[in-house]
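Okay, so here's the structure we're looking at.
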Amino acid sequence: MSLEERTNRAIRRENRNRIFRYICKNGRLSNPAIASALKMSLPTVLQNTKDLKACGVLYDAGELDSTGGRKARTVDVCADYRYSVGINISRTHIVMVLTNLVGENVDRERIDHPFRDEDAYYRKIKKLLQEFCNRNSVKKSRLLGVGFSIPGIVNQNTNRIDRSHVLGLKDFPLEKFSEGISCKSWFMNEANAGAFAEGFHAGPEDHFFYLSLDDTVGGAVYDRGQVLNGDHFRSGEIGHVIIVPNGKRCYCGQRGCSDSYCSSLFLAPIEGDQPTLGSFFDRLNEGGSKEADRWEEYVHNLAILIHNIHMMLDCDIIIGGYVGSAMGDRIEDIRKAVEELDLFEQEASYIRSCVFKISESAFGAALFEMEQFLRQV
Ligand SMILES: [Zn+2]
């Protein structure tokens, strides 16, 4: 094949994928509307939507209402063409989510079941997954597989967890989680998965830092569809950056880590296995003085952390995890505190709340493989 033929083929592929992704994002559309939005010729769009219908990923979605003249025909995505499951493993529970071709939340289940490195635990995962797929009538041929989100350093080269303080694991084989599962499986660090969930609905050029403020602090650098791993899969381990020299002792052994000051536990304890942050913010918003003092100290330390990340990366910072999901309008306090530290007197509107308010890591783990699939349509 000549260079020219290869180039033409690549352009045709790229056009087809752009059309498909545009419909995934915007839903039911007419061919002229797609042509106009993507600045493509109508015959190019017509040929591609025809091909995509023949593959089964698009379907005829009827005619648009017309005020006169010929009614435009529309196409839409067959959202159930493929499914993907995400499983978040935590110390106290398991979360399963099911997503489809357009990244919707098809189903979600939270099961209280503490992690134990025992065969019975891994058998339980397999059983829960089977029941979850059966309940949603997911055919095996339509399931891309299962993505696991793990609170720890996931080494993609060795397929092992290098370390997980939360689960109490070191140099641990990941295959234990997927043993006996007949479909494809993959593994991601929890914060990386959260970042991936936020990035799935972002634009192709988007980049940001995802700051996960759960009962531990984590982070991930997201850049144009990829999460930066680093040389040892530790990129974004922001929880162990020291923000208070000689400060509180962290579970990692150091003193003054951001984890000790910016995790959700600084604001509210976990009761049973549920964070009580919602009621913390309720009391804070009702004028509770104890909560106000605690929040002020929290915001002061968090602002230092966010300022440092922003100085380093100069990009949007998305706050996720329990705090990002529960804080609501209190994000303004954080923005204000960061603005006071900013050398360039910039407005801190680059600090944003997460879009996924629940189970973002499980969704991210599911969406990772869905994204790989979408790229090759
Ligand atoms: Zn630490």
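The values are calculated or read from the model by the stated rules, or taken from the named source; none is laboratory data. Everything quoted here is computed from the prediction, not taken from an experiment. Neighbour counts run over all protein chains shown; Cβ positions are idealised from the backbone, glycine included.
Can you go through VAL102, VAL95, VAL57 and tell me which one is in contact (Cβ under 8 Å) with a residue 24 or more places away in the chain, in contact with a Cys (Cβ under 7 Å, 6 or more places away or on another chain) and within 22 Å of PHE196 (Cα to Cα)? None of the others qualify; the one that does is VAL102. Within the set PHE177, PHE209, the sole residue that is assigned to a helix (DSSP H, G or I), surrounded by 20 or more Cβ atoms within 10 Å (Cβ to Cβ) and not aliphatic (A, V, I, L, M) turns out to be PHE177. Among the residues of the stretch 234-264, those that are surrounded by fewer than 18 Cβ atoms within 10 Å (Cβ to Cβ) and over 18 Å from LEU313 (Cα atoms) comprise VAL244, PRO245, ASN246, GLY247, LYS248, ARG249, TYR251, CYS252, GLY253, GLN254, ARG255. Consider GLU291 carefully, then state whether it is modelled with pLDDT under 95, assigned by TED's automatic domain parsing to the domain that holds ILE317, among the charged types (D, E, K, R) and more than 16 Å from the ligand (Cβ to nearest atom). The answer is yes for GLU291.
Selection within the stretch 200-258: residues that are under 18 Å from the mean Cα position of the chain (by Cα) and acidic (Asp, Glu). The member of this set that is farthest from the ligand (Cβ to nearest atom) is GLU205.
So which of VAL154, VAL138, VAL85 ends up being assigned to a strand (DSSP E or B) and over 16 Å from GLU175 (Cα atoms)? Lay out the reasoning, then the answer.
On the way: VAL154 fails: over 16 Å from GLU175 (Cα atoms); VAL138 fails: assigned to a strand (DSSP E or B).
Unique residue meeting the criteria: VAL85.
Taking the stretch 339-359 as the range and being assigned to a helix (DSSP H, G or I) and touching a Phe, Trp or Tyr at 6+ places or on another chain (Cβ under 9 Å) as the test, only TYR350 passes.
Can you work out which of the residues in the stretch 17-69 that are farther than 26 Å from GLU104 by Cα and of a type in the set (S, T, N, Q) is surrounded by the fewest Cβ atoms within 10 Å (Cβ to Cβ)? Filtering first and then ranking leaves THR67.
Criterion first (farther than 27 Å from CYS183 by Cβ and surrounded by 15 or more Cβ atoms within 10 Å (Cβ to Cβ)) does VAL75 satisfy it? Taking the combined requirement at face value, the residue satisfies it.
Of all residue pairs spaced 6 or more apart or on separate chains, none has beta-carbon atoms under 8 Å together with a first member in the stretch 243-272 that is in the same structural domain as SER164 (by TED's automatic domain parsing) and a second member that is within 11 Å of the ligand (Cβ to nearest atom) and not in a helix (DSSP H, G or I).
Scanning the stretch 160-171 for residues that are more than 19 Å from VAL146 (Cα to Cα) and in a strand (DSSP E or B) yields ASP162, ARG163, SER164, LEU169, LYS170, ASP171.
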